[in-house]
Amino acid sequence: MEQWILLGMAPVFLALIGLEAWYWHRRKQGQYSLVDTLSNVALALMHQVADLLAWAVTIGLFYWVYLHRLLTVPSTWWGIALLVIGQDFFYYWFHRAHHRIRWMWASHVTHHSSERLNLSTAFRQSLTYPISGMWLFWLPLAWLGFEPTHIVAVVAINLGFQFFVHTQAVGKLGWLESVFNTPSHHRVHHARNARYIDKNYAGVLIIWDKLFGTYVEEDDADPCEYGIVGQIHSHNPITLTFHEWRELLRDAGRAAGWRAAMGQMFGPPEQARSHLDAVAANDPRLAKAAPGPDA
């Protein structure tokens, strides 16, 4: 169902990408490049195939959890409203975890790896999300009593909404900034400036970031610089998908003992690498130019 909802919205997405590209072209600003946009589209198609297979495999688990649900939430307007809010809450924690746990960052880094931010950047997704565990974050919704097909639909709607915040063409939006995720908030999230890293994880509602201490406002005095710390300069969708997985497994394989290996795989990305940097300083054989943790 998620794929069909997003595919149904695809004509709108593509039309707006074309409009935004024309807008920036008229202003002679290089917010788009053909190779970057084609790479984003290829990554989106790869992600959709993987996501379809993942839902086919996991939907049975969602129904098993639903059979053991705490209660039954009816499919009324208020039930759907609760699901939208609940899913957005769990999306916040999915997103935060995928920045702070290296195993999960290995998937999410693909989305952050472009040095441009435009509507096509929303397409820049990884096919490895099912491996890193994205689906785990929606299971509590089934246990709480939300019907699994409704969960899948709301996940798709949440992701569809987020397409619209990947733009530099829209400024701040007044009072909406205090409640909703907006282009301004999401520009901060995609920036690799030190003060912006690991901020504004919101899907639809920015209130979660304000509640849990991860909110930062965009500051014109500190313009957003996009991409990741230790930028990977490639437009190859395979490289963009697997480069961090390769680094993660290599770092875990050379770690001193299983505890250190687990730290490499499941610790915060920058902490894992800082440990290896310290080791490498005493052993030149281990020195490497590693990409940065997150942005």
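The values are calculated or read from the model by the stated rules, or taken from the named source; none is laboratory data. Remember, it's a predicted structure, so these values are computed and weren't measured experimentally. Quick reminder, even Gly has a Cβ in these numbers, built from the backbone with ideal geometry, and neighbours come from all protein chains shown.
A few notes on this one:
- Segment 216-231 residues that are hydroxyl-bearing (Ser, Thr, Tyr), paired with ones that are not in a loop (DSSP other than H, G, I, E, B) (beta carbon under 7 Å, 6 or more apart): TYR226/HIS190; TYR226/ALA191
- Looking only at residues in segment 155-177 that are touching a residue at least 60 places away in the same chain (Cβ under 8 Å) and small (Gly, Ala, Ser), the one that is farthest from LEU52 (Cα to Cα) is ALA169.
- Residue list for segment 35-90, restricted to those being surrounded by 14 or more Cβ atoms within 10 Å (Cβ to Cβ) and either of a type in the set (D, E, K, R) or not in a helix (DSSP H, G or I) (or both): ASP36, ASP51, ARG69, VAL73, ASP88
- For segment 104-127, the set of residues classified as assigned to a loop (DSSP other than H, G, I, E, B), buried (at least 21 other Cβ atoms within 10 Å of the Cβ) and not basic (Lys, Arg) consists of SER113, SER114, LEU117, ASN118, GLN125, SER126, LEU127, listed by residue number.
- Filtering segment 28-36 for residues that are assigned by TED's automatic domain parsing to the domain that holds VAL109, touching a residue at least 12 places away in the same chain (Cβ under 8 Å) and of a type in the set (Phe, Trp, Tyr) leaves a non-empty set.
- The set of residues from segment 255-269 being assigned to a helix (DSSP H, G or I) and small (Gly, Ala, Ser) comprises ALA260, ALA261, GLY263.
- Some residue of segment 201-211 being under 25 Å from ILE80 (Cα atoms), assigned by TED's automatic domain parsing to the domain that holds TRP138, among the β-branched types (Val, Ile, Thr) and without any contact (Cβ under 8 Å) to a residue 40 or more places away in the chain: yes
- Number of the exception - ILE17 against (1) assigned to a helix (DSSP H, G or I); (2) of a type in the set (Val, Ile, Thr); (3) surrounded by fewer than 16 Cβ atoms within 10 Å (Cβ to Cβ): (3)
- Residues of segment 199-219 that turn out to be over 11 Å from GLU177 (Cα atoms) and not in a loop (DSSP other than H, G, I, E, B), as a count: 5
- GLY171 meets the stated requirement of being farther than 21 Å from LEU70 by Cβ and either at pLDDT below 95 or not basic (Lys, Arg) (or both).
- Extreme residue, farthest from PHE242 (Cα to Cα), among residues of segment 128-164 that are outside any loop (DSSP other than H, G, I, E, B) and among the polar types (S, T, N, Q): THR149
- Members of segment 159-184 that are buried (at least 18 other Cβ atoms within 10 Å of the Cβ) and among the polar types (S, T, N, Q): THR167, GLN168, ASN181, THR182, SER184
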